[in-house]
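The values are calculated or read from the model by the stated rules, or taken from the named source; none is laboratory data. As the structure is a computational prediction, the values presented were derived from the model and not from experiment. Here Cβ is always computed from backbone atoms with ideal geometry, including for glycine, and neighbour counts include all displayed protein chains.
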Amino acid sequence: MRDPDFPTNIKPMKNQIFLLGFLLLAPLPALANRGHACMGTKPCEGSVGGSEFRLCRAYKEHQGCASLPAGDERGWCEVITEGKSCYEALIGNAQEACEEDQVPGAHLFWKKCGGL
């Protein structure tokens, strides 16, 4: 007698597993590019894009925080690189996180990369 709870068609399940694996592995090339940009094997330009590019330039290439969008991104950069206070550079939840030394992961990565 066949168990009604046991799937007899495994093919849809294989597709779901493949999709899950693909989604988990998709960020790996971006992380590799981030590492290459940090280690000096590649400059920021051409190796990372978007907000990662701006963070790379601000921290690793010491270009300052002006290239970051106004708000929390620039505020975190100012706290880390310029020594501004949490209340001077950030607002709302970001202020509270800053007071508790909960720096966003991307800023921590590029801070270490820039030797700050």
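Restricting attention to region 98-116, the residues being in a loop (DSSP other than H, G, I, E, B) and either surrounded by fewer than 11 Cβ atoms within 10 Å (Cβ to Cβ) or among the polar types (S, T, N, Q) (or both) number 4.
The number of residues in region 21-71 being within 14 Å of the chain's Cα centre (by Cα), modelled with pLDDT under 80, in a helix (DSSP H, G or I) and not small (Gly, Ala, Ser) comes to 5.
Scanning region 72-90 for residues that are part of a loop (DSSP other than H, G, I, E, B), surrounded by 12 or more Cβ atoms within 10 Å (Cβ to Cβ) and more than 20 Å from the chain's Cα centre (by Cα) yields Lys84, Ser85. Residue pairs whose Cβ atoms lie under 8 Å apart, sitting 6 or more positions apart in sequence or on different chains, and linking a residue in region 30-50 that is within 17 Å of Lys111 (Cα to Cα) to a partner that is modelled with pLDDT of 75 or more and of a type in the set (Gly, Ala, Ser), are Pro43/Ala37; Cys44/Ala37; Val48/Ala37.
Restricting to region 40-66, name every residue that is of a type in the set (Ser, Thr, Tyr) and surrounded by 14 or more Cβ atoms within 10 Å (Cβ to Cβ). Passing the criteria: Ser47, Tyr59.
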